[in-house]
There are 2 protein chains.
Amino acid sequence: MESEQKKSYPPGKIKIMNALSELMREKDFHSITTADIATTAGVTEGLIYKYFKDKKDLLYQVLNGHFQTFQNYIVSKIETRKSNIEKLSIIIKTTLKSYSINRVFARILLLEVRNSPNYFESDAYDMVKIYSRTILDIINQGIKDGEIKEDIDPHALRQVILGSIEHACLGEVIFGKELDTDKVSEHICNIIFRGAKK
Amino acid sequence: MESEQKKSYPPGKIKIMNALSELMREKDFHSITTADIATTAGVTEGLIYKYFKDKKDLLYQVLNGHFQTFQNYIVSKIETRKSNIEKLSIIIKTTLKSYSINRVFARILLLEVRNSPNYFESDAYDMVKIYSRTILDIINQGIKDGEIKEDIDPHALRQVILGSIEHACLGEVIFGKELDTDKVSEHICNIIFRGAKK
DNA sequence: TAAATAGGTTAGTAATACTTACTTACCTTA
DNA sequence: TAAGGTAAGTAAGTATTACTAACCTATTTA
């Protein structure tokens, strides 16, 4: 059920990371105490600080662990397609699905890390930048290939795509609502690519 | 310079709220201590708990204060317009501008409150719901009036609109970047209403 | 065999959100 | 005009919690 970490990490470290992951399904990060984490993991509080600089570092590393799953899932889906619009559609659908499958990941990424400045110097954020860059590249290629209108601002389009995805997930992440990712992504793509105006 | 609160609040309460507001321009909520707030306000820590249930309640009330400014600004702009598309465009532009002018407000709304469940029972969240409902109503009216395609899902369109706005502000809020709100909102509207696909 | 290293524990400490008991000043209204 | 009530504010805590330092013990390594 748990166990995303396959690395040759010491067992205690894995237990700690899984414990936080588990607790974050119910509570927000700030109201989870280090004592909580330790007892859930079945280790002592002190051990947390053997493996993690501080509580936030633990959060970032958990985030990074989930990122692996995310990246693999995304990459496995895009490559085969030739059309850039199709690629973007796949990214939208796949990202939505990833967030849906992996809600703790979504919760950390969308709600918990963004308010602490040092997150933006973390490895996890580097991965976000790569992901985000990928989208921009596809957009630019799409404009070059004549699939996307040339009067579209690439950065703006990326913003609309990312914003739509994230906002669509919020209800899910915050209230635990179910989300029909196929349907929602279709609706979003419909709006973004074909436009809402008659 | 400060002073948004005109209500007949006791002076200490106003000072406390303004103090938090001020501190939040530089730090994130969690790294601001109650001692910080008290000294900045020129009162004692105890007084905070005379007027606010806890630190988060203070945050929510500050948010509510800023909401007043926000609502007034928005409302003053929409009413005169007749076209629904135009109304939505104005909302996008005006919201972006509001966030830009009032960054502390944006920071609280987009980064700080969403991760604590009891925010969603606060008065502040009720105002968000009203704002959000307004957008949905305009969309539905737009479909009825034949301005917006009838195969568009109203909730999805709202999500795209809100998501685009919020994501566009993130850089601003997190990194303090400047944002050309007129330009950005134009780009966003261009994509959402006319579509990105050639 | 000595020593270093890895995995883990115990028992703290400092900081910080929040409380309780108290003071002072102001406003009723009888 | 004085008593009583209340609103505004203070002082001095307490309990919780993130984090630390020193210690233990087994297993590898030289």
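Every test in (1) away from DNA strand D (no atom under 16 Å from the Cβ); (2) β-branched (Val, Ile, Thr); (3) under 16 Å from the mean Cα position of the chain (by Cα) is passed by residue A:62 save one, and that test is (1).
Quick check on the stretch B:8-23: of everything there that is in contact with a helix residue (DSSP H, G or I) (Cβ under 7 Å, 6 or more places away or on another chain) and within 11 Å of DNA strand D (Cβ to nearest atom), which residue is farthest from the other protein chains (Cβ to nearest Cβ)? Selected residue: B:12. Determine if the stretch B:109-124 includes at least one residue that is over 21 Å from residue B:28 (Cα atoms), touching a strand residue (DSSP E or B) at 6+ places or on another chain (Cβ under 8 Å) and in a helix (DSSP H, G or I). The answer is no, given that none of the residues of the stretch B:109-124 is over 21 Å from residue B:28 (Cα atoms), touching a strand residue (DSSP E or B) at 6+ places or on another chain (Cβ under 8 Å) and in a helix (DSSP H, G or I).
Screening the stretch B:93-121 for residues that are of a type outside the set (Lys, Arg) and free of Cβ contacts under 8 Å to residues at least 40 places away in the same chain and picking the one that is nearest to residue B:193 (Cα to Cα) gives B:94. Out of all the residues in the stretch B:11-23, is one or more over 15 Å from the mean Cα position of the chain (by Cα), outside any helix (DSSP H, G or I), over 30 Å from residue B:186 (Cα atoms) and not assigned by TED's automatic domain parsing to the domain that holds residue B:184? So far as the stretch B:11-23 goes, no, none of its residues is over 15 Å from the mean Cα position of the chain (by Cα), outside any helix (DSSP H, G or I), over 30 Å from residue B:186 (Cα atoms) and not assigned by TED's automatic domain parsing to the domain that holds residue B:184.
Out of A:27, A:53, one residue alone is more than 25 Å from residue A:166 (Cα to Cα) and part of a loop (DSSP other than H, G, I, E, B). It is A:53.
With respect to (1) within 22 Å of residue B:69 (Cβ to Cβ); (2) surrounded by 14 or more Cβ atoms within 10 Å (Cβ to Cβ), the lone exception for residue B:178 is condition (2). Residue B:2 falls short of the stated requirement of being touching a helix residue (DSSP H, G or I) at 6+ places or on another chain (Cβ under 8 Å) and modelled with pLDDT of 95 or more.
Scan the stretch A:66-79 and give yes if some residue there is in the same structural domain as residue A:125 (by TED's automatic domain parsing) and more than 24 Å from residue A:164 (Cβ to Cβ), otherwise no. Yes, there is a match, as at least one residue in the stretch A:66-79 is in the same structural domain as residue A:125 (by TED's automatic domain parsing) and more than 24 Å from residue A:164 (Cβ to Cβ).
Can you tell me which of A:86, A:26, A:79, A:45 is away from DNA strand C (no atom under 16 Å from the Cβ) and away from every other protein chain (no Cβ under 14 Å)?
Working: A:86 fails: away from every other protein chain (no Cβ under 14 Å); A:26 fails: away from every other protein chain (no Cβ under 14 Å); A:45 fails: away from DNA strand C (no atom under 16 Å from the Cβ).
Result: A:79 is the single residue among A:86, A:26, A:79, A:45 that is away from DNA strand C (no atom under 16 Å from the Cβ) and away from every other protein chain (no Cβ under 14 Å).
Might you let me know whether the stretch B:13-22 holds any residue that is in contact (Cβ under 8 Å) with a residue 60 or more places away in the chain and of a type outside the set (Gly, Ala, Ser)? No: the stretch B:13-22 contains no residue that is in contact (Cβ under 8 Å) with a residue 60 or more places away in the chain and of a type outside the set (Gly, Ala, Ser). Of the numbered criteria (1) modelled with pLDDT under 95; (2) over 14 Å from the mean Cα position of the chain (by Cα), the one residue B:102 fails is (2).
Scanning the stretch B:60-90 for residues that are at pLDDT below 90, within 17 Å of residue B:136 (Cα to Cα) and among the polar types (S, T, N, Q) yields a total of 1. Restricting the first member to the stretch A:24-48 and to residues that are in contact (Cβ under 8 Å) with a residue 40 or more places away in the chain, and the second to residues that are within 12 Å of DNA strand C (Cβ to nearest atom), the beta-carbon pairs closer than 9 Å and six or more apart or on different chains are A:28/B:116. Among the residues that make up the stretch A:45-52, is at least one of them more than 8 Å from DNA strand D (Cβ to nearest atom) and within 24 Å of residue A:176 (Cβ to Cβ)? No, because not a single residue in the stretch A:45-52 is more than 8 Å from DNA strand D (Cβ to nearest atom) and within 24 Å of residue A:176 (Cβ to Cβ).
Here residue B:155 meets each of (1) within 10 Å of another protein chain (Cβ to nearest Cβ); (2) in contact with a Phe, Trp or Tyr (Cβ under 9 Å, 6 or more places away or on another chain) with one exception, condition (2).
The one condition from (1) within 16 Å of DNA strand C (Cβ to nearest atom); (2) closer than 30 Å to residue A:148 by Cβ that residue A:74 does not meet is (1). Among residues of the stretch A:51-64 that are within 14 Å of chain B (Cβ to nearest Cβ) and within 14 Å of DNA strand C (Cβ to nearest atom), none has a Cβ under 6 angstrom from a residue that is assigned to a helix (DSSP H, G or I) and not small (Gly, Ala, Ser) at a sequence gap of 6+ or on a separate chain.
So that you can scan it fast, the table gives a plain yes or no per residue for (1) among the small types (Gly, Ala, Ser); (2) more than 8 Å from chain A (Cβ to nearest Cβ):
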site	(1), (2)
B:105	no, yes
B:109	no, yes
B:123	no, yes
B:131	no, yes
B:134	no, yes
B:146	yes, no
B:160	no, no
B:197	no, no
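The values are calculated or read from the model by the stated rules, or taken from the named source; none is laboratory data. Please read all numbers here as calculations on a predicted model, not as lab measurements. Cβ: placed from backbone, ideal geometry, glycine included. Neighbour counts: every protein chain shown.
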